[in-house]
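Peer 1: Quick one: the structure is below, questions incoming.
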Amino acid sequence: MKEEYMFTYENIKALGKAGEIAREKGNSAIQTEDYLMAALKTEDTGIGRRFFSEGIAASDVEREIEQGSPLAEEISYEHPEYSYREASDHFKMIKASDVLIKEEMPSDTVLDGLDLPVSEELQKAIDYGRNYAVQNSGGEGIETIHVMLGIARECSSNAYRIVYKLMARNNKISDAESNAVFNRLIMFRSYMNEYGDGYERRKKAEKVAKAKKVAGTGGILNNPYASLIDAITVDLTDMARRGELSPAIGRDSEIDRLATILVRNNKNNAVLLGKAGIGKTAIIEGLAVKIAEKKMGSLNDIRIKSLDPGQLMNPLGLNVEVVTRLLQEAESDRNVIFFIDEMHRFAMAKPLVEFLKPALARGTFRVIGASTEEEWSKAIKGNPALRRRIEEIHVAEPTVKQATKIVKKARIGYENHFMMNYTDEVMNNVCALAKKFYPEKSLPDSALTLLDNTGARLALNSRTFGREKEEYQKRYDDLKQHFEESRKKRYNEEETARLFSELQNMSAERKAGMNSEARRYRRKIRLKDVFETIERETGKTAGMEDIVPDSVRLKKLPEKLEQSVIGQSTATEAMARAVTRAKYGLRRKNRPLGVYLFAGPTGVGKTETAKVIADEAFNGNLIRLDMSEYSSETGKKRLLGSDPGYVGYGETDTLIDKVNRQPESVILFDEIEKAHRSIFDLFLQLFDDGRLTNAQGKTGDFTKSLIIMTSNIGFERKEPTLGFGAEADREQAMIDSINDSLAGFFRPEFLNRIDEKIVFSSLDYDAVLKITDHLLEKEADMIAESGVRIRFSPEVAKFIADRYYDETNGARPIQRGIVREVEDVLTQSLMDGTVRKGKEAYADVFGGSIRIEPMLEVNLKPVDRQDECDLEERMNRAVDDVLKNMQ
């Protein structure tokens, strides 16, 4: 008999395809596997998207059908009585076996538009889907996902066996789980809209509806009692009253400044300017929360309405009728203030701006907006009249401490989404980690993104992700349905009140973090998980040393400098004091943290000092510029960017771009004396104000940066001294010579803006030996990574220092000497098989050259040694004996 059902458009197409598949196979009825295949091949079906998320494609189903057979072993797919071991073995058998595909008996039902009847199993599934749609959907009709739920309830169908095997293969269902497939499909009930038929079709329709929204205001325009403002805006204060917005943490000064501007008689419009992701919109929402809480005095009756300027335009330009009506309503209701996100888009809509300018000046149309400084500067350029009407509020990035409070406020939301708990250790350190490893992004957005990405990465491998949320949502929906039914009944006030109380308790529980008992057993997201996310995204290794407080790092800075920069204790101690002083805020505001000039011969540790300071006190952020590349007249343009119309305009690799990406940096101007004279004029402004602006309107903030310049002035004309000996007054004479040379080269106004001139002295012989030893230790570590452990005799350092150090070039030639004398020799030894990977080698000086030989195993009898020096001495003697025998 013909049976009429109301199917969705996509489901009708799927059933039609299923009929074609059944006819091609010569079946007497449309079987469940025919329907499954057709639904997956039909565009925009919910079951297609749902199975795609499970890793199941139409080709997988087709393969199982082809491999399946009516002669395949019949296996039960429901086995709750099994033991764990039996269930596990049974599960493996299901994965390995071919699917049983048997003929399903025809039913009496022939669907409208089809020639063949559906099978009895498919008939049951469709009936279940119809009942489910009536009770839960209320949409366009029976969807493919509804029919699939019906198939999942009947484990005797071919389609069920196919889906069960594919889900088992993809580890989407667990061993011996009752109703496994149904539970898996129903788990994402709250996402049923996305997994519904016609999702893409509806999205397109929504876009069209949105595009026609302004045109649709015609009815409102013709109705003098309707509110256009309410129709095209979102009321933020109303959202705040409903508890949908959060207070702005650490932004009281910005909110007070904004409120002051809004209360003024003139120029009572404002725009918040700052980097993306620092929380400008959160400040507006924080103001709305305070207004909702009646904490803003004369602003307590204000309503903040979020407005998209695009709704005031039409395809031909400005929609004058809509804007005119909007201005009329705004003038009659002075308590409305419009919030425009991405305010630069509003400023660039010139017809709209010109139309609104008089109202902005009179104060009858008040706006607050948010934008970045760069985009606002571009948009407002050439429109000084608009700039006069809008007060600019510059919003700084929150500190790590402030951002940590903000991020902790968002903790519950992320935990409930991923069904996992972040440890306190993660929450206390995520902002510091984000600041270090994502310097181009801003807090708190970078920290929230790091939390989100870590949770998402772990959730992908979690089989319980979403299950707790779905179960909770189901209980909440059921309770809400009972409450709505109870309200409709007469004389049922007591039951309705009870259900309402339970509903409120569940809502409060949700805000507090789902079920507190269930939260105790969630998977914990630990610091090691965050470290792994950072490593995957940045390629940099993160560890516990990266969360050491700045105070601890600064205490260790003198020691680190002394270990890495040898023979310059006076210079390194002075810099350690200066950096610590600046980091603790003992400096003039609106200037760089410090401006220092390192003067001294080449190769004595000036650049290395800057690197160590960057690593230990500035999270490794070093911006290094070789000033010999800026020696021509075009150097200034290369440094800041070209003017409009010239080659290079718009490039984003200028000094300003680098500083804005990494504001807390050491900026190293290497060999500053080689820069063009015009650049020194820029430095006068930079050293005084801590800011630079280029031709594009970009402003670089250097107030969190440490500026170091290096110079060889006073040494380029100096005759080198032979050997390592020197007169007693040599150092003082060198300092006097350097100061005279600097005064003769740089202008007084330039030198007077430098906080301190640090003089690096020439290296003595002991310092050269220590540097060579230090470089050899690094070399041994590098060689060990290639699989060879190497030890150096003390003579190797002496040999390389004597041969390669010269006072003119400093210690730099020593590294080249190590490459030539060690790396080249080791490479040859590896090639001829003298030294093998995985073994230990020993390097020593023989006959005026370095030789590298395999270390022979030496058996030493146990001794009652008193200290490590005795054992080292015995080892050295034993090695010497072995080497003598080799000669």
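The values are calculated or read from the model by the stated rules, or taken from the named source; none is laboratory data. The structure presented is a predicted model; accordingly, all values stated were derived computationally and were not measured. Ideal geometry is used to build each Cβ from the backbone, glycine not excepted, and the neighbour counts take in all protein chains shown.
Conditions tested, residue by residue: (1) in contact with a Cys (Cβ under 7 Å, 6 or more places away or on another chain); (2) surrounded by 14 or more Cβ atoms within 10 Å (Cβ to Cβ); (3) at pLDDT 85 or above.
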site	(1), (2), (3)
Lys290	no, yes, yes
Asp301	no, no, yes
Leu312	no, yes, no
Leu318	no, yes, no
Asp333	no, no, no
Ile340	no, yes, yes
Phe346	no, yes, no
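Peer 1: Mind telling me which of the residues Gly243, Gly286 ends up being small (Gly, Ala, Ser), closer than 25 Å to Asp445 by Cβ and assigned to a helix (DSSP H, G or I)? So that I can check it myself, show each step before the final result.
Peer 2: Working: Gly243 fails: assigned to a helix (DSSP H, G or I).
Checking each option against the conditions leaves just Gly286.
Peer 1: While we're on this one: Asp802: surrounded by 11 or more Cβ atoms within 10 Å (Cβ to Cβ), at pLDDT 85 or above, within 54 Å of the chain's Cα centre (by Cα) and of a type in the set (Asp, Glu), yes or no? Write out each step before concluding.
Peer 2: Values: surrounded by 11 or more Cβ atoms within 10 Å (Cβ to Cβ): yes; at pLDDT 85 or above: yes; within 54 Å of the chain's Cα centre (by Cα): yes; of a type in the set (Asp, Glu): yes.
Yes: the conditions hold for Asp802.
Peer 1: Say we look at region 3-13 and pick out the residues that are under 15 Å from Pro117 (Cα atoms) and not hydroxyl-bearing (Ser, Thr, Tyr); which of these is modelled with the highest pLDDT?
Peer 2: Our first condition is that a residue be under 15 Å from Pro117 (Cα atoms); within region 3-13, this holds for 3-5, 12.
Subsequent filtering for residues that are not hydroxyl-bearing (Ser, Thr, Tyr) retains 3-4, 12.
Details: Glu3: 57, Glu4: 61, Ile12: 86.
Ranking the candidates gives Ile12 first.
Peer 1: Just give me the residues in region 794-825 being among the β-branched types (Val, Ile, Thr) and either more than 20 Å from Leu763 (Cα to Cα) or free of Cβ contacts under 8 Å to residues at least 12 places away in the same chain (or both), in sequence order.
Peer 2: We begin by selecting, within region 794-825, every residue among the β-branched types (Val, Ile, Thr); these are 796, 800, 808, 814, 818-819, 822, 825.
Result: Val819, Val822, Val825.
Peer 1: Sticking with this structure for a sec: May I ask you to list the residues in region 725-756 that are more than 25 Å from Gln685 (Cβ to Cβ) and either at pLDDT below 70 or loosely packed, with under 14 Cβ neighbours inside 10 Å (or both)?
Peer 2: Listed by number, the residues that qualify are Gly725, Ala726, Glu727, Ala728, Asp729, Arg730, Glu731, Gln732, Ala733, Asp736, Asp740.
Peer 1: Quick test for you: out of Glu374, Glu440, pick the one residue that is under 21 Å from Gln662 (Cβ atoms) and not in a helix (DSSP H, G or I).
Peer 2: Working: Glu374 fails: not in a helix (DSSP H, G or I).
Exactly one residue qualifies, and that residue is Glu440.
Peer 1: Next up: Can you tell me which condition Arg257 does not meet? The list is (1) under 27 Å from Asn660 (Cβ atoms); (2) part of a strand (DSSP E or B); (3) charged (D, E, K, R), and all the others hold.
Peer 2: (2)
Peer 1: Residues in region 688-712 that are buried (at least 19 other Cβ atoms within 10 Å of the Cβ), out of contact with any helix residue (DSSP H, G or I) (no Cβ under 8 Å at 6 or more places or on another chain) and not in a loop (DSSP other than H, G, I, E, B): how many?
Peer 2: Counting residues in region 688-712 that are buried (at least 19 other Cβ atoms within 10 Å of the Cβ), out of contact with any helix residue (DSSP H, G or I) (no Cβ under 8 Å at 6 or more places or on another chain) and not in a loop (DSSP other than H, G, I, E, B) gives 0.
Peer 1: As an exercise: evaluate Thr772 against (1) modelled with pLDDT of 85 or more; (2) among the hydroxyl-bearing types (Ser, Thr, Tyr); (3) exposed (fewer than 13 other Cβ atoms within 10 Å of the Cβ) and give the number of the one condition it does not meet.
Peer 2: Only one criterion in (1) modelled with pLDDT of 85 or more; (2) among the hydroxyl-bearing types (Ser, Thr, Tyr); (3) exposed (fewer than 13 other Cβ atoms within 10 Å of the Cβ) is unmet by Thr772, namely (3).
Peer 1: Considering Val110, Val118, Val134, which residue is among the β-branched types (Val, Ile, Thr) and at pLDDT below 80? Write out each step before concluding.
Peer 2: Numbers: Val110 fails: at pLDDT below 80; Val118 fails: at pLDDT below 80.
Selected residue: Val134, the only one of Val110, Val118, Val134 that is among the β-branched types (Val, Ile, Thr) and at pLDDT below 80.
Peer 1: Picking from Ala292, Ala385, Ala359, Ala330, which residue would you name as being in contact with a strand residue (DSSP E or B) (Cβ under 8 Å, 6 or more places away or on another chain) and either outside the structural domain of Ser442 (by the TED database) or within 16 Å of Asn269 (Cα to Cα) (or both)?
Peer 2: On the way: Ala292 fails: in contact with a strand residue (DSSP E or B) (Cβ under 8 Å, 6 or more places away or on another chain); Ala385 fails: in contact with a strand residue (DSSP E or B) (Cβ under 8 Å, 6 or more places away or on another chain); Ala359 fails: in contact with a strand residue (DSSP E or B) (Cβ under 8 Å, 6 or more places away or on another chain).
So the residue among Ala292, Ala385, Ala359, Ala330 that is in contact with a strand residue (DSSP E or B) (Cβ under 8 Å, 6 or more places away or on another chain) and either outside the structural domain of Ser442 (by the TED database) or within 16 Å of Asn269 (Cα to Cα) (or both) is Ala330.
Peer 1: Please identify the pairs in which a residue from region 598-618 that is in a loop (DSSP other than H, G, I, E, B) has its Cβ atom under 8 Å from the Cβ atom of a residue that is aromatic (Phe, Trp, Tyr), counting only partners at least 6 apart or on another chain.
Peer 2: Cβ pairs passing all conditions: Gly600/Phe715; Gly600/Phe760; Pro601/Phe715; Pro601/Phe760; Thr602/Phe715; Val604/Phe760; Gly605/Phe760.
Peer 1: While we're here: Any idea which of (1) buried (at least 17 other Cβ atoms within 10 Å of the Cβ); (2) of a type in the set (Asp, Glu); (3) not in a helix (DSSP H, G or I) is the one Glu853 doesn't satisfy?
Peer 2: All conditions pass for Glu853, except number (1).
Peer 1: Can you find, within region 826-844, the residue that is surrounded by the fewest Cβ atoms within 10 Å (Cβ to Cβ) among those that are touching a residue at least 40 places away in the same chain (Cβ under 8 Å), hydrophobic (A, V, I, L, M, F, W, C) and farther than 16 Å from Glu779 by Cα?
Peer 2: Checking each candidate, the answer is Leu830.
Yes or no, residue by residue, for (1) outside any helix (DSSP H, G or I); (2) modelled with pLDDT under 85; (3) assigned by the TED database to the domain that holds Glu779:
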position	(1), (2), (3)
Gln815	no, no, yes
Ile818	no, no, yes
Glu821	no, no, yes
Asp824	no, no, yes
Thr827	no, no, yes
Leu830	no, no, yes
Lys837	yes, yes, yes
Ala841	yes, no, yes
Asp844	yes, no, yes
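Peer 1: Exactly one condition in (1) in a helix (DSSP H, G or I); (2) surrounded by fewer than 17 Cβ atoms within 10 Å (Cβ to Cβ) is false for Arg588; which is it?
Peer 2: (1)
Every residue, every condition in (1) modelled with pLDDT under 80; (2) not in a helix (DSSP H, G or I); (3) not assigned by the TED database to the domain that holds Arg522; (4) not polar (S, T, N, Q), yes or no:
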{"site": "Met427", "(1), (2), (3), (4)": "no, no, no, yes"}
{"site": "Ala434", "(1), (2), (3), (4)": "no, no, no, yes"}
{"site": "Ser462", "(1), (2), (3), (4)": "yes, yes, no, no"}
{"site": "Glu485", "(1), (2), (3), (4)": "yes, no, no, yes"}
{"site": "Glu495", "(1), (2), (3), (4)": "yes, no, no, yes"}
{"site": "Leu499", "(1), (2), (3), (4)": "yes, no, no, yes"}
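Peer 1: Let me ask something else about it. Tell me, which residue of region 654-668 that is assigned to a helix (DSSP H, G or I) and of a type outside the set (S, T, N, Q) is farthest from Ala276 (Cα to Cα)? Break it down stepwise before answering.
Peer 2: Within region 654-668, the first condition is being assigned to a helix (DSSP H, G or I), and the residues that meet it are 655-661.
Retained after the next criterion (residues that are of a type outside the set (S, T, N, Q)): 655-659, 661.
Values: Leu655: 19, Ile656: 16, Asp657: 14, Lys658: 16, Val659: 15, Arg661: 11 Å.
Going through the qualifying residues, I end up with Leu655.
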